[in-house]
Amino acid sequence: MRAILSVHNKSGLIPLAQGLAALSIEMFSTGGTKKALSDAGVPVHSISDITGFPEILDGRVKTLHPAVHGGILARRDIARHREELAQQKIQPIDLVVVNLYPFRETVARSGVTLDEALENIDIGGPTMLRASAKNFPHVLVVVDPSDYGPILEQLRQGSVRLEERRRLAQKAFQHVACYDTAISQYLRNAEEGFPPDMTIALEKQYDLRYGENPHQQAAFYREVNPLARPAVTVGGARLLSGPELSFNNILDLDSALAVVSDFSAPTVAIIKHNNSCGMASHDNLAEAYRRALSGDPVAAFGGVVALNRNVDMGTAQEIDRTHYDCLLAPDFDPNALALLSRKKGMRILALGGVPPPRDASMWDLRRVAGGLLVQTPDTIRSEELTPKTVTRRPPTPSEMEDLLFAWRAVKHIKSNAIVLAKDKTLLGMGAGQPSRVISVEIAVKKAGDRARGSVLAGDAFFPFPDGVDLAGQAGVTAIMEPGGSVKDQEVIQIADRYNIAMVFSGARHFKH
């Protein structure tokens, strides 16, 4: 057998090569890989011994040669192929071990130039991988160091099964596809909008016990994009205590993180089934938590809590009084973590940094049968708004502060979404109702007596005045909604009747 080894990631390379040498497999290599093998005392030939041609153009051309690709692509079960190899004095290549230049890592560095990026686009490596994978019944192709041990063991036993060869070939094609995707993403001009063709690169993080329900299988994948700014994400969070994450945990944690990352002030969000049942901002984090819990203490039980500040002992003592499935924060004071870790069933995760607002350049992808819906994220900020008072009475400064809080809160709640708030605290919310007035009813019921003197934000306009009428009866004093209904004038008239200050934001926040 003859093998070509050419790897950037040299993890496990020497033990693999030593094992191949013990099996009398003749090895050929290039550049740094050849040097590493030679330095380790492993017998290895230069790829030039196959091609009869030196590496040229600063190493850009070394394996792109018929003697290499003929030896890889020839089908051993076709006599004509064997005859052509003999005529051209080409010997078969039976094993190709390749992984690629670190393009993603290179372009992720600050200040990298276009020339540097282009020099880290591997050409020979992907070509050998594709050729080997195409001919997998006859050529073993290995891209992942984790496969070195199992493959070496099978070679020692005499052969590698066809099913295993097929798996390795699929892995090689996927490796190249992700590599090409990273290059395409790097070269794409963000101003071009949505391209006519697009691939997405995903990297498996871990398997999950099951999906939304026990009969569903599931795994968690991380999106790999070389242009994405370093992000504070659920996928990058460290599990400090508690059991492994479930499918539903990850969904709720991501929703909770999206909420608290939207606020610059210390903010706490309590999430249940992807919706905020509690939310508050306050200069004192423990007070922010207490206010968030007051939104719906019953629903909060078993939910997910996210904070955009490090958890101190005072805040931990408050959180410790209620049972939660998950707790997410930038970090935890040692004493606070020690206290909270006593709850063995609660998953505690550290983000490693204060979560910034969601990156506006990262598209929102949603699966539908037969395809994907792609959109830019809902990242409009309150400072980008030009609110317009449409009623006789404008909101007071304190009402306006609460309206902006509620306007940011409502975008994270499923449509039709209604939020009642006061003192930057969510008092009640209505979510996911086919009728907007029913959402108002639910929000008012949740707020109870606290609805009097509160403000209301809606994710979309009121199609009829009934929702505003209901809010007025409950004692709501100010409303922010996008405007744009054919019945806007009737809605405004009802608001004036209750002396409600109504502001049109001009921005809708549907979240389906």
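The values are calculated or read from the model by the stated rules, or taken from the named source; none is laboratory data. Bear in mind the structure is a predicted one, so any value in this text is a computation, not a measurement. Cβ: placed from backbone, ideal geometry, glycine included. Neighbour counts: every protein chain shown.
Among the residues making up segment 260-288, those that are small (G, A, S) and either in a loop (DSSP other than H, G, I, E, B) or surrounded by fewer than 20 Cβ atoms within 10 Å (Cβ to Cβ) (or both) are S261, S264, A265, A286.
Scanning segment 75-84 for residues that are touching a residue at least 12 places away in the same chain (Cβ under 8 Å) and not in a loop (DSSP other than H, G, I, E, B) gives a single hit, E84. If you go through segment 477-512 and keep only what is closer than 17 Å to T396 by Cβ and touching a Lys or Arg at 6+ places or on another chain (Cβ under 8 Å), you end up with D496, N499, I500, A501, V503.
Can you find a residue in segment 83-104 that is at pLDDT below 85, under 41 Å from the mean Cα position of the chain (by Cα), surrounded by fewer than 19 Cβ atoms within 10 Å (Cβ to Cβ) and farther than 30 Å from S24 by Cα? Yes, segment 83-104 has at least one match.
Restricting V311, V305, V298, V354 to residues that are surrounded by fewer than 22 Cβ atoms within 10 Å (Cβ to Cβ) and either more than 24 Å from L404 (Cα to Cα) or at pLDDT 95 or above (or both) narrows the list to V298. Would you check if S110 is small (G, A, S) and surrounded by 15 or more Cβ atoms within 10 Å (Cβ to Cβ)? For S110, the condition - small (G, A, S) and surrounded by 15 or more Cβ atoms within 10 Å (Cβ to Cβ) - is not met.
Of the residues making up segment 170-201, those that are surrounded by 14 or more Cβ atoms within 10 Å (Cβ to Cβ) and outside any helix (DSSP H, G or I) are M198, I200, A201.
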